[in-house]
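The values are calculated or read from the model by the stated rules, or taken from the named source; none is laboratory data. It should be emphasised that the depicted structure is a prediction, and the values quoted were computed from it without experimental measurement. Every residue, glycine as well, gets a Cβ built from its backbone with ideal geometry; the counts of neighbours run over all protein chains shown. Remember, those area values only see protein heavy atoms, side chains included, never the ligands or the DNA or RNA. Shrake-Rupley method; radii C 1.70, N 1.55, O 1.52, S 1.80 Å.
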Amino acid sequence: MNIQNRLETGSVIAAKGVFIDNEWTPSPSEKTIDVIAPATGAVVARIAAGNADDIDRAYQAARRAFEDGAWGKLTAVERGRLLTRLSRLIEDHADELTALEALDTGKPLKQARADIVSCARYFEFYGGAADKVHGETIPFLNGYLALTERVPHGVTGQIIPWNYPAQMFGRTLGPALAMGNATVMKPAEDACLTPLRLAELAVEAGFPEGAINIVPGLGEDAGAALTAHPGFDFLSFTGSPEVGTMVQIAAAKNHIGCTLELGGKSPQVVFGDVDLDAALPSLVNAIVQNAGQTCSAGSRLLVEKSAYDRIVGTVAERFAKLQAGTPEMDLDLGPVINAGQKRRVERFCHNADSDGIEIIAQGSVAKDVPEGGFYVAPKMFGHVPRDNALARDEVFGPVLSVIPFEDEADAVALANGTDYGLVAGVWTQNANRAMRVGRKIRAGQVFVNAYGAGGGIELPFGGMKKSGHGREKGFEALKDLSALRTMVVKHD
Ligand code: NAD
């Protein structure tokens, strides 16, 4: 597949403005944002820089759709059918969407394709779930029938990051729409071409006007305007802890709920009895996938001290063979998203080097990559001190920190020893130990002899501690994207 052939698609979409009431309209800001391809550093398109006026127009469209429009009148089964139809359309357009996603994010084509497949799967899953959300009846006083039902919040706002634009589109809009909310999305300025195209496919699928509105723009403009707008009933945010704090404060000021997904420093706890052949692909891929720019990246490799040399040696051997390249080279990883992110990753590595932390393995960047691209060679640091930034902070790049532990208690303390608590992996052939350790780790998802960086649409996903709160994916997301109403009916 030749991404260059798809450039035109990106440009055309970018020229169209903001997506409100199933139509592209120009933003009154008349400003645009350059879309830079991470693989080349070249400007490949321009998107509208939506502002507070656009957010308000999008909000009003969503409110109309919810209160009086065709969207609000649909039954659950009808909503489910629309989501399912969108899922099929995404599958039908998988080549085009894969190219667009790879162009916009720089990820290898195989990863971009997997993301489009996941996006389709989100709409398939939530299409099937829409009419299967049941309430309960509650034993109450004689002469009363008491019951609960789950109802939509109303208008929900979704602010998504640049690392998985297509997946985040499905992950946030799938459950919101299944429950009957009308939505306004603010995609990330660094990568939003796929969400803009997906909005067009939603029209083709038959979504009535106002159900899905998309306002591209800068975080401090369109994003801040969305969170501060007094009309929204619920917000979903995925991104940095700093912006997450602002979103939570804005939600509190409007007395509405929000889900926050703020990343992690996820541990892979490896005991000496690990089946290393089986574990190796997951241990490496968990940090390399999407060039380490995954909130659930397995960025800390915690290894039992007595088996440190053997296990780390094997992982290092594989790590040294990793190569970064363009999407079309389809290697182990692509570039990082932009120049700022590249500087951030390099700063972490430079500081670790200055602190005397040993690099045990380093991958490479393919020699023919374009000069302007944001490529970073993957790096693996050994014996990282527990209080070093590399052991505690989210790098969001292909950098693995290896830390030895003494015994089970030490492994648990170390696994829980950061502010984050998103995902963890425990690797051992001792089932009792796996359960003992896994159940003491404070993380929203714990895998045993497996690791799912970003995977598993069916699996509830979200943080403990400072990784955030609320759950996305699976049936749990439907609870967060709805409110519970209790009905009490008196009869003779
Ligand atoms: P960010 O938090 O600034 O951006 C995420 C989203 O929030 C984007 O859509 C952005 O436009 C929007 N936003 C920014 N400022 C806003 C504001 N004041 N009000 C409302 N919305 C706003 O993240 P970033 O700058 O793109 O990345 C910085 C770091 O965040 C990364 O290095 C990484 O550590 C982390 N990050 C985490 C995730 C994740 O999946 N948890 C995703 C992206 C970035």
- prompt: Has region 140-153 got any residue that is of a type in the set (S, T, N, Q) and touching a residue at least 60 places away in the same chain (Cβ under 8 Å)?
  reply: yes
- request: Kindly indicate whether residue 65 is in contact with a helix residue (DSSP H, G or I) (Cβ under 7 Å, 6 or more places away or on another chain), within 20 Å of residue 483 (Cβ to Cβ) and modelled with pLDDT of 95 or more.
  value: yes
message: Within region 155-176, take every residue that is away from the ligand (no atom under 15 Å from the Cβ) and assigned to a helix (DSSP H, G or I) and give me the one that is surrounded by the most Cβ atoms within 10 Å (Cβ to Cβ).
response: 175
query: Under 8 Å by Cβ, and 6 or more places apart or on different chains, what pairs join a residue from region 331-358 that is over 20 Å from residue 388 (Cβ atoms) and within 14 Å of the ligand (Cβ to nearest atom) with one that is of a type in the set (D, E, K, R) and outside any helix (DSSP H, G or I)?
result: 337/190; 338/190
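Matching residues to (1) hydroxyl-bearing (Ser, Thr, Tyr); (2) closer than 16 Å to residue 218 by Cβ; (3) assigned by TED's automatic domain parsing to the domain that holds residue 326:
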| residue | (1), (2), (3) |
| --- | --- |
| 29 | yes, yes, no |
| 39 | no, no, no |
| 48 | no, yes, no |
| 53 | no, yes, no |
| 60 | no, no, no |
| 63 | no, no, no |
| 68 | no, no, no |
| 73 | no, no, no |
| 77 | no, no, no |
message: With the requirement that a residue be open to solvent by 30 Å² or more (accessible area, probe 1.4 Å) and more than 20 Å from residue 452 (Cβ to Cβ), what does region 381-409 give you?
response: 383, 385, 386, 387, 389, 392, 393, 406, 407, 408, 409
- request: Mind listing whichever residues of region 222-245 are of a type outside the set (Gly, Ala, Ser) and either touching a helix residue (DSSP H, G or I) at 6+ places or on another chain (Cβ under 7 Å) or closer than 18 Å to residue 173 by Cα (or both)?
  value: 226, 227, 229, 232, 233, 234, 235, 237, 238, 241, 243
Of residues in region 185-206 being closer than 23 Å to residue 133 by Cβ and crowded, with 24+ Cβ neighbours inside 10 Å, the one farthest from the ligand (Cβ to nearest atom): 202
- prompt: From the list 123, 140, which residue is in contact with a helix residue (DSSP H, G or I) (Cβ under 7 Å, 6 or more places away or on another chain) and not in a strand (DSSP E or B)?
  reply: 123
query: Does residue 264 satisfy being surrounded by 19 or more Cβ atoms within 10 Å (Cβ to Cβ), within 15 Å of the ligand (Cβ to nearest atom) and either closer than 17 Å to residue 423 by Cα or outside the structural domain of residue 107 (by TED's automatic domain parsing) (or both)?
result: yes
- request: Could you identify the single residue in 182, 251, 222 that is open to solvent by less than 10 Å² (accessible area, probe 1.4 Å), more than 12 Å from the ligand (Cβ to nearest atom) and more than 25 Å from residue 397 (Cβ to Cβ)?
  value: 182
